[in-house]
Amino acid sequence: MSTPCAETVAMRIAKALKRHGVQLIFAQSLPSAVILAAEAVGIRQIAYRQENMGGAMADGYARRSGRISVVAAQNGPAATLLVPPLAEALKASVPIVALVQEVERPYLDRNAFQELDHIALFQACAKWVRRIITADRVDDYVDAAFAAAGSGRPGPAVLLLPADLLREIAPETGHPRLAALGSWPIDRSRPGDAAISAAVELLAEARQPVVMAGGGALTTGAPQALARLQDLAHLPVMTTPMGKGAVDETHPLSLGVLGPLNGPGSLGRHSRRFLEEADVILLVGTRTNQNGTDSWRSIPRSARIIHLDVDPVEIGRNYEALRLVGDAAETLVALSEMLNCRDLSHRLAGRDQLEGKIAQMRAAFEADRGAILARNAALLRPERIMMELQSCLTPQTTVVADASYSSMWVVGQLTALKAGQRFLTPRGLAGLGWGLPMAIGAKLADFDGPVIALVGDGGFAHSWAELETMVRLGIDLTVIVLNNGVLGYQKDAETVKFGQYTSACHFAPVDHAAIASACGCNAIKVEHHEDILPALRRALSEDGPWLIDIVTDPDAHPPLSLFDGTLDRSQPSRSLMEEV
């Protein structure tokens, strides 16, 4: 009888990752014992240039793939650089398992080289933080990390790995683990029938119900379940910025994105009236945060609220609501099944009129956008770029944006072509620089689908180095840089609040196309309207990574409510909702 070969803790960790379906690990060779073992069992290392960016790659991969991603880092300074992306993932409910090397156990609390209190470091930006101490608990802790990351409200889990422990022989366990916990949500739950029935009663009897869908409406199966409910109950649906793509925005009952995008020239300028006049509002997978609710001003006090969320603490945080605690997909299916037994003929009778109002709303938005472009005909405006980009999108295209204005241009100007099309934006904490690495992660999750990253020149400066990662790994995505030479939001917000802005807001001229070319990336610089579409078509049709550096109007800004009556003093024609 043959004796099984002894294996190290590092190899046991690698095999546990393989059991959970992990195919990629975002790392920079450290912890070396784990990465060597992972590569030995067929897990591919995606070697980032910096841990902050590696964490953002893992974020984009998890959002796009529906799988829990894994990122790894060395102790000390490398670990501290994981804090920002893990904080984003915590706020945005993205499941990531972070494997962080610790100093050797005999050296703990002796001022060892690069020693830091990692448990304290990660407490504020992770759901779960543990340190493996003994070799016999490896599978227990790896499984616990995945369960923590992918169950309930998803988020980061951090597993600390002492360097000396990784070299030890892992003993055989009497209780082998076989579970595969790599996909999320791990557990599917829904509210009880009484809560579902109460929600159905409100929706069925409502005169003007509206659905507001957040990021939780993008979990696996939820967009399709929401689409069924939308048609069955004849419900107009709008999304928060994070919920962009949860609904087909070409659908006649789609209201697009609201949030803070309701200034002059926005779709929200017209769609917000549907929310203001609603008597019942169904919130799906939203934290009712500041951006999603325009600083808590968009949801009327007069409306009855039904709040569906997997996190019971989020329900009722800002608004009294009928509580639906559960998975978005499961709960939406249950709502549809029960609503299917109700008489909704009164809602059907008014659907044509409702669709007509929404069509007029969209026409008014297009007229407003056209007027803005006509007033600035000599300037290269982001609105024009978004219109040209829209003509290149397919339902399979993933669009990733950096924080700040890039996110707002994407969610406010582009149109989702199907329920579940992905528009990834770092709206948890909205840190600059994550657009490119998130797009890299998204492309690795969907290697056959087109991926486009839209970044501003300010944010892109945080992540230039990852162009080399993109080229080295042959990651075929298109990066569009809106190059206006300023920190746009900083300049505009300071102008509104203080009447002036600081010297940090302006940059020296940078040739981003030259930087990309130096890294071996295909690149082109665009300075004229007529060159936008040819550049987009070329980049999207040719193999290999591309960067398009577009010189844009430094005074262009998205139609945020913050600028209504300040930077945006001239008002367009009255909302069609006021006229209908």
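The values are calculated or read from the model by the stated rules, or taken from the named source; none is laboratory data. Since we're looking at a predicted model, the values are computed, not measured. No Cβ is skipped: glycine too gets one built from the backbone with ideal geometry, and neighbour counts run over all protein chains shown. Surface accessibility is based on the protein's heavy atoms, side chains included, excluding ligands, DNA and RNA. Shrake-Rupley method; radii C 1.70, N 1.55, O 1.52, S 1.80 Å.
Okay, here's what the table says:
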| quantity | calculated |
| --- | --- |
| In segment 313-328, residue nearest to Gly152 (Cα to Cα) [restricted to those that are part of a loop (DSSP other than H, G, I, E, B) and of a type in the set (Val, Ile, Thr)] | Val313 |
| Qualifying residue in segment 257-278 (condition: assigned to a loop (DSSP other than H, G, I, E, B), touching a Lys or Arg at 6+ places or on another chain (Cβ under 8 Å) and closer than 25 Å to Asn340 by Cα) | no |
| Residue count for segment 129-150, restricted to those that are without any contact (Cβ under 8 Å) to a residue 40 or more places away in the chain and open to solvent by less than 30 Å² (accessible area, probe 1.4 Å) | 2 |
| Neighbours by Cβ (under 9 Å, 6+ apart or cross-chain): first from segment 496-513, among the aromatic types (Phe, Trp, Tyr); second surrounded by fewer than 11 Cβ atoms within 10 Å (Cβ to Cβ) and outside any helix (DSSP H, G or I) | none |
| Residue selected from segment 107-124 under the condition not hydrophobic (A, V, I, L, M, F, W, C) and not in a helix (DSSP H, G or I), by the criterion most open to solvent (accessible area, probe 1.4 Å) | Arg110 |
| Condition check for Val100: more than 30 Å from Gly420 (Cβ to Cβ) and touching a Cys at 6+ places or on another chain (Cβ under 8 Å) | no |
| Helices (runs of 4 or more DSSP H) wholly inside segment 471-580 containing at least 3 residues that are open to solvent by less than 60 Å² (accessible area, probe 1.4 Å) and in contact with a helix residue (DSSP H, G or I) (Cβ under 9 Å, 6 or more places away or on another chain) | 488-498, 512-518, 532-541 |
| Ala79 being open to solvent by less than 10 Å² (accessible area, probe 1.4 Å), closer than 21 Å to Ala149 by Cα, among the aliphatic types (A, V, I, L, M) and touching a residue at least 40 places away in the same chain (Cβ under 8 Å) | yes |
| Qualifying position, being at negative phi, polar (S, T, N, Q) and out of contact with any strand residue (DSSP E or B) (no Cβ under 9 Å at 6 or more places or on another chain), among Ser69, Ser93, Ser151 | Ser151 |
| Some residue of segment 2-15 being in contact with a strand residue (DSSP E or B) (Cβ under 6 Å, 6 or more places away or on another chain), open to solvent by 30 Å² or more (accessible area, probe 1.4 Å), in contact (Cβ under 8 Å) with a residue 24 or more places away in the chain and of a type in the set (Gly, Ala, Ser) | yes |
| Verdict on Arg323 being surrounded by fewer than 22 Cβ atoms within 10 Å (Cβ to Cβ) and over 21 Å from Arg369 (Cβ atoms) | yes |
| Number of positions in segment 1-24 that are in a loop (DSSP other than H, G, I, E, B) and either at pLDDT 95 or above or in contact with a helix residue (DSSP H, G or I) (Cβ under 6 Å, 6 or more places away or on another chain) (or both) | 4 |
| Yes/no for Leu235 being within 20 Å of Leu344 (Cα to Cα), aliphatic (A, V, I, L, M) and part of a loop (DSSP other than H, G, I, E, B) | yes |
| Pick from segment 344-362, criterion free of Cβ contacts under 8 Å to residues at least 24 places away in the same chain and farther than 17 Å from Ala278 by Cβ, ranking: least open to solvent (accessible area, probe 1.4 Å) | Gly356 |
| Enumeration of residues in segment 47-67 that are open to solvent by less than 20 Å² (accessible area, probe 1.4 Å) and under 14 Å from the mean Cα position of the chain (by Cα) | Gly55, Ala56, Met57, Ala58, Asp59, Gly60, Tyr61, Ala62, Gly66 |
| Selection within segment 411-442 - open to solvent by 10 Å² or more (accessible area, probe 1.4 Å) and either without any contact (Cβ under 8 Å) to a residue 12 or more places away in the chain or not in a loop (DSSP other than H, G, I, E, B) (or both) | Gly412, Gln413 |
| Those residues of segment 370-386 which are in contact (Cβ under 8 Å) with a residue 60 or more places away in the chain, open to solvent by less than 20 Å² (accessible area, probe 1.4 Å) and assigned to a helix (DSSP H, G or I), in sequence order | Pro382, Glu383, Ile385 |
| Every residue from segment 387-410 that is crowded, with 20+ Cβ neighbours inside 10 Å and assigned to a helix (DSSP H, G or I) | Leu389, Tyr405, Ser406, Ser407, Met408, Trp409, Val410 |
| Options Gly221, Gly245, Gly285: the member that is under 18 Å from the mean Cα position of the chain (by Cα), at positive phi, surrounded by fewer than 24 Cβ atoms within 10 Å (Cβ to Cβ) and at pLDDT 95 or above | Gly221 |
| Matching residues in segment 154-212 - criterion: being touching a Cys at 6+ places or on another chain (Cβ under 9 Å) and surrounded by fewer than 23 Cβ atoms within 10 Å (Cβ to Cβ) | Val200 |
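Residue-by-condition table, conditions (1) at pLDDT 95 or above; (2) within 25 Å of Thr250 (Cα to Cα):
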site	(1), (2)
Asn318	yes, no
Arg323	yes, no
Gly326	yes, no
Ala329	yes, yes
Met338	yes, no
His346	no, yes
Arg351	yes, yes
Leu373	yes, yes
Ala377	no, no
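Let's see how each residue does on (1) more than 21 Å from Leu429 (Cβ to Cβ); (2) more than 25 Å from the chain's Cα centre (by Cα):
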residue: Tyr107; (1), (2): yes, yes
residue: Phe122; (1), (2): no, no
residue: Ala126; (1), (2): no, no
residue: Arg130; (1), (2): yes, yes
residue: Ile133; (1), (2): yes, yes
residue: Ala147; (1), (2): yes, no
residue: Leu160; (1), (2): yes, yes
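Residue-wise test of (1) touching a Ser or Thr at 6+ places or on another chain (Cβ under 8 Å); (2) touching a residue at least 24 places away in the same chain (Cβ under 8 Å).
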{"position": "Gln224", "(1), (2)": "no, yes"}
{"position": "Ala233", "(1), (2)": "yes, yes"}
{"position": "Pro260", "(1), (2)": "yes, yes"}
{"position": "Arg269", "(1), (2)": "yes, yes"}
{"position": "Arg273", "(1), (2)": "yes, yes"}
{"position": "Leu283", "(1), (2)": "no, yes"}
{"position": "Asn291", "(1), (2)": "yes, yes"}
{"position": "Pro312", "(1), (2)": "no, no"}
